[in-house]
Amino acid sequence: MTAEEEREAVGQMTTALQAVASNVKAARLRAGLTAEQLSSRAQVSKGALVSLENAQGNPNLATLVRLADALGMSVSALTEGPQHRDIQIVETADVEPLWTGELGGEVRLMLTTSGPAPVEVWRWRLHPGEAYPSHPHPTGVVETVSVTHGCLILVLDGTEHQVPAGATATFDADVPHTYRGGGTEPCEFLMTVHLPPRTTSG
């Protein structure tokens with residue numbers, strides 16, 4: 001990587017972190033929550049939350065998911081800057097992984113649809129034996145996985161399910177669930193997260 005490319009990459013990371021910081025704080029204030037209240041609701045330390053709102057540190061995928069769940073919004077809504085397009089085409093190479101496994105697996109949030117019930121589209125790659133555990137999401141969140149290569153072991157509330165290449169599985173995501181690479185070759189799959197419609201009060 002040249003010095004110019006390195007500066008550009010650092011600039012993109014800084015811009016992304018600033019967008020997250022601004023979006024999290026704005027969403028917290030709209031919800032009428034103090035930092036302590038959001039920290040408790042999301043099960044994220046207050047120190048980590050304060051650092052994030054000050055555009056410091058590097059929040060991991062679990063932290064972003066917990067904050068999004070607690071605020072009733074999509075992960076994309078926390079990470080995207082202010083922009084709107086009639087069509088959105090996203091190349092995998094243009095999206096930074098939000099999680100990287102110890103064996104080289106990775107997770108990328110490709111995009112989120114707009115509307116009252118947004119849908120997140122994620123691209124996953126897990127090596128055999130590599131796993132990512134997820135905490136239960138709020139009631140009404142539904143996940144669908146479509147395996148394109150290899151075999152996925154989907155663990156729902158302690159029960160294992162094999163999802164081979166060419167198969168699609170859907171489930172209510174309000175229980176503990178884990179994604180694990182099975183077989184002898186990397187597992188690749190697309191996941192959509194269907195978020196429940198937002199409700200308004202007052």
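The values are calculated or read from the model by the stated rules, or taken from the named source; none is laboratory data. As the structure is a prediction and not an experimental result, all values here were calculated from the model. Positions of Cβ are generated from backbone atoms using ideal geometry, with glycine treated the same way; all protein chains shown enter the neighbour counts.
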By residue number, the members of region 53-92 that are at pLDDT below 90, closer than 25 Å to Cys187 by Cβ and loosely packed, with under 15 Cβ neighbours inside 10 Å are Asn60, Val90
**Request:** Answer with yes or no whether Val50 is part of a helix (DSSP H, G or I), at pLDDT 80 or above and of a type in the set (A, V, I, L, M).
**Result:** yes
Tell me yes or no: at least one residue of region 20-35 is of a type outside the set (A, V, I, L, M), modelled with pLDDT under 90 and more than 25 Å from Gly140 (Cα to Cα). yes
Within region 64-114, residues of a type in the set (D, E, K, R), touching a residue at least 24 places away in the same chain (Cβ under 8 Å) and assigned to a loop (DSSP other than H, G, I, E, B) come out as Glu80, Glu96, Glu102
Considering every residue within region 177-185, establish whether at least one is within 24 Å of Arg66 (Cα to Cα), modelled with pLDDT of 95 or more and touching a Phe, Trp or Tyr at 6+ places or on another chain (Cβ under 6 Å). yes
